[in-house]
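Asks: Have a look at the structure that comes next, please.
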Amino acid sequence: MADRVTVIGWDGSPLTDTARAALGAATLVAGAAHHLALPEVPPAAERVRLGSVALAARRIAAHRGTAVVLADGDPGFFGVVRTLRAPEFGLEVEVVPAVSSVAAAFARAGMPWDDAQVVVAHPRTLRRAVNVCRAHTKVAVLTAPGAGPAELGLLLEGVHRTFVICEELGTEREQVTVVTSDKAADHTWRDPNVVIVIGGPAGAGEGGGWIAGRDPGAGPRGWVQPDASYGEGPAGRPGGGLGEGERQLLRAAQLARLGPRVGDLVWDIGSGSGAFAAEAARAGAAVIAVDRDPAACARTDSAARRYGVQLQVVHGIAPHVLENLPEPDVVRVGGGGAAVVSAAADRRPQRIVTHAGTRDAAELIGRDLTEHGYRVECALLQSVELDTRAWTETERSVAFLLTGVLPERAP
């Protein structure tokens, strides 16, 4: 095992005395090609090109001597320190930090970043990183080959964002470029890079203040809001414009069954008032709300603005309009019946939730979900509203709540 392992962060600035001393005593140096070309690397030291950090960690663990690992930016922030300290390698490391590439990128752009989400995009996490960019107004994306600015732009089709692309920070070839997301695929970008993704009006709690990133407690308290929060119906009654599948208690049950979270893409088919779509977006998920009624699309836009969340509204008739939408993680079907549920199930989301007004309709949907390989749960929900001044019944609603869970993709 290496006698000593020092991890040195490098941001293009001259090395500190501590870093120079550690590097000068090294018998093994691991890093990228531009790190290994630094003049301070001892000529006699064994050099390890840093591709797979796990493979380099095994080489270091088997080395007898003093090892140094050079890494861009702050190696403790989405960096090599976590892997090197894994129990399987048994390495104890000392860290000489540097300015993180995310901090450097925002500094080059002249922007604050305490209100930004930070994600890592590589081929396995690219889709989830894009969903965060859909859902939030300011995101820093640490990219990787095959998951760079071009791929981000292509997957954000239909959502306008501005990209601030910072290439090769800290090197002589450093370059900062500002493009719209639809133009990012027209260029070839050099690795490594950081992409700052900006777009949409400032969301609730995204103005900075007391917590880094998105404030999960911003906005009114409660996972779901009272029906009256979503405007008036035709008769002027608060909340009277909500459809039968949008009432507060059923909405709460639907949210609980789907569990939308950061990195997810939610389809809300038959968005109606936009109540469910806005509340799923408040949970941090990316949301595409679909409705055939232009007035419903306008109400959904209004609900999103009211609660300061980002979502995409698509006007069209399901199931046909669903064909060109990106892959969902979870789906709520608020309208369209069994045919729309079947079309959603064809796309293999982890979970689907819908409701039915009768047992026959519930059985039809349940059989279809079962044939698609989903485990089906159904509950009969009844809610009774009372006037607490006289404790008399004012309204009663009954619905069958159906949930389909795909075992191969659970949880």
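The values are calculated or read from the model by the stated rules, or taken from the named source; none is laboratory data. Just so it is clear, the structure is predicted and the values come from calculations on it, not from any experiment. Glycine gets a Cβ as well: all are built from the backbone with ideal geometry, and neighbour counts include every protein chain shown. What goes into the accessible areas is simple: the full protein's heavy atoms, side chains included, and nothing from ligands, DNA or RNA. Shrake-Rupley method; radii C 1.70, N 1.55, O 1.52, S 1.80 Å.
Asks: Within region 261-284, whose backbone N sits under 19 Å from a point 7 Å along Cα→Cβ of Ala361?
Replies: Within reach of a label on Ala361: 268-276.
Asks: First compute the accessible area of region 1-84 with a 1.4 Å probe, then give the percent of it belonging to carbon and sulfur atoms.
Replies: 55
Asks: Assuming 0.36 nm per residue, please report the length gained on full extension of the stretch Arg389 to Arg305 beyond their Cα-Cα distance.
Replies: 26.8 nm
Asks: Can you tell which of Gly217, Gly284, Gly245 shows the greatest fluctuation in a Gaussian network model of the chain with Cα springs below 10 Å?
Replies: The residue that fluctuates most here is Gly217.
Asks: If you add up the charges near Glu174, with Lys and Arg at +1 and Asp and Glu at -1, over every other residue whose beta carbon is less than 9 angstrom from its beta carbon, what do you get?
Replies: Neighbour charge sum, excluding Glu174 itself: -1.
Asks: So which trypsin sites (Lys or Arg not before Pro) in region 147-229 are both in a DSSP loop and have at most 16 other Cβ atoms within 10 Å of their Cβ?
Replies: Of the trypsin sites (Lys or Arg not before Pro), the ones in loops of region 147-229 whose Cβ has at most 16 other Cβ atoms within 10 Å are Arg173, Arg190, Arg221.
Asks: Would you mind putting 357-364, 318-325 in packing order, based on average other-beta-carbon counts within 10 Å, highest first?
Replies: Packing order, densest peptide first, comes out as 318-325, 357-364.
Asks: Spelling out what I want: for every residue of region 263-274, take phi, set θ = phi - 60°, compute 6.51 cos²θ - 1.76 cosθ + 1.60 (Karplus), and round to whole Hz; glycine and proline get x.
Replies: x, 7, 10, 9, 9, 10, 9, x, 6, x, 6, x
Asks: Taking Cα pairs under 8 Å and at least six residues apart, what relative contact order does region 268-339 come out at, in percent?
Replies: Relative CO of region 268-339 lands at 38 percent.
Asks: Quick one: plug the Kirkwood hydrodynamic radius of the chain (C-alpha pairs) into Stokes-Einstein at 25 °C, 0.890 mPa s, and report D in µm²/s.
Replies: D = 103 µm²/s.
Asks: At 7 Å along Cα-to-Cβ for each site, give me the label-to-label distance between Glu92 and Thr162 in nm.
Replies: 5.0
Asks: I need the fraction of alpha carbon pairs in region 123-179 separated by more than 16 Å, rounded to a whole percent.
Replies: Tail fraction, whole percent: 43.
Asks: Sticking with this one: Counting DSSP beta bridges in region 292-411, what percent are antiparallel, to the nearest 5?
Replies: Antiparallel bridges: around 85 percent, rounded to the nearest 5.
Asks: Compute the separation of the alpha-carbon centres of region 345-372 and region 105-139 and state it in Å as a whole number.
Replies: What the calculation gives is 35 Å, centre to centre.
Asks: Using Cα springs under 10 Å in a Gaussian network model of the chain, which residue among Val384, Val314, Val340 shows the largest mean-square fluctuation?
Replies: Val384
Asks: For the chain, what is the accessible area per residue in Å² when the probe is 1.4 Å?
Replies: 47
Asks: With an 8 Å Cα cut-off and a minimum separation of 6 or more residues, compute the relative contact order for region 88-198 in percent.
Replies: Value for region 88-198: 28 percent.
Asks: Label-point separation (nm) for Gln382 and Val179, each offset 7 Å from Cα along Cα-to-Cβ?
Replies: 6.1
Asks: While we're looking at this one, here's another question. Per the helix-only calculation at 222 nm, which mean residue ellipticity applies to the chain, given -39500 (n - 2.57) for every DSSP H run of n ≥ 4 and division by its residues, nearest 500 deg cm²/dmol?
Replies: -7500 deg cm²/dmol
Asks: Only Cα pairs within less than 10 Å get springs; with that Gaussian network setup on the chain, which residue of Leu55, Leu142, Leu15 has the largest fluctuation?
Replies: Comparing Leu55, Leu142, Leu15 in a Gaussian network model of the chain, the most mobile one is Leu55.
Asks: Sticking with the crude label model, points 7 Å out along Cα→Cβ, report the distance from Thr16 to Arg261 in nm, one decimal please.
Replies: 3.6
Asks: Looking at the chain, what % of its DSSP beta bridges pair antiparallel, to the nearest 5?
Replies: 50
Asks: Now for a separate question. Set the Förster distance to 60 Å, then compute FRET efficiency between Arg59 and Thr370 from the Cβ-Cβ distance, nearest 0.05.
Replies: The value I calculate is 0.70.
Asks: May I pose another question? Taking the alpha-carbon centroid of each part, what is the distance from region 154-194 to region 21-48 in angstrom?
Replies: Going from one Cα centre to the other spans 31 Å.
Asks: Normalised by the number of residues in the chain, what is the relative contact order in percent for Cα pairs under 8 Å and 6+ residues apart?
Replies: Answer for the chain is 10 percent.
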